[in-house]
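Below is one structure, written out as structure tokens; the observations come after it.
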Amino acid sequence: MRKAAVAVSLVVIVGLLVAAAFLIHPFGQPPSQMDDYMIENSQAETGTNNVVAAVLFDYRGFDTLGEATVLFTAVTGVVMLFRAVKKRES
């Protein structure tokens, strides 16, 4: 019974990987109309020549702020952990 479950799981995973490989968009072609919109309108709407910066800081600003907060919290936790270890050693 266990071998059958492993075999079925393996077939499902391989099937999903093969389906994903066939459904992936060709390299270099934008997957949606939103990409074309951002490329065409980012300079006029945000005032920047860099589309990546426009997406990160203007279109997805709150998301980027959340990611930066998580990163800052993680770094702060690691620094506090190393300071606690250093105090114990001395």
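Residues are listed down the side, and each one gets a yes or a no for (1) aliphatic (A, V, I, L, M); (2) out of contact with any Leu (no Cβ under 8 Å at 6 or more places or on another chain); (3) farther than 22 Å from G61 by Cβ:
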residue	(1), (2), (3)
A7	yes, yes, yes
V12	yes, yes, yes
V18	yes, yes, yes
M34	yes, yes, no
E45	no, yes, no
Exercise for the section: Could you grab me the full set of residues in the range 26-39 that are in a helix (DSSP H, G or I) and surrounded by 10 or more Cβ atoms within 10 Å (Cβ to Cβ)? Expected result: M34, D35, D36, Y37, M38, I39
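For (1) at negative phi; (2) loosely packed, with under 10 Cβ neighbours inside 10 Å; (3) at pLDDT 85 or above, each residue gets a yes or a no:
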| site | (1), (2), (3) |
| --- | --- |
| V18 | yes, no, yes |
| I24 | yes, yes, no |
| N41 | yes, no, yes |
| V52 | yes, no, yes |
| L56 | yes, no, no |
Problem - Criterion (in a helix (DSSP H, G or I) and in contact with a Phe, Trp or Tyr (Cβ under 9 Å, 6 or more places away or on another chain)) met by exactly one of S42, S9 - result: S42
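The values are calculated or read from the model by the stated rules, or taken from the named source; none is laboratory data. Fair warning: this is a prediction, and the values are worked out from it, not measured in the lab. For neighbour counting, all protein chains shown are included, and Cβ atoms are generated from backbone atoms with ideal geometry for every residue, glycine included.
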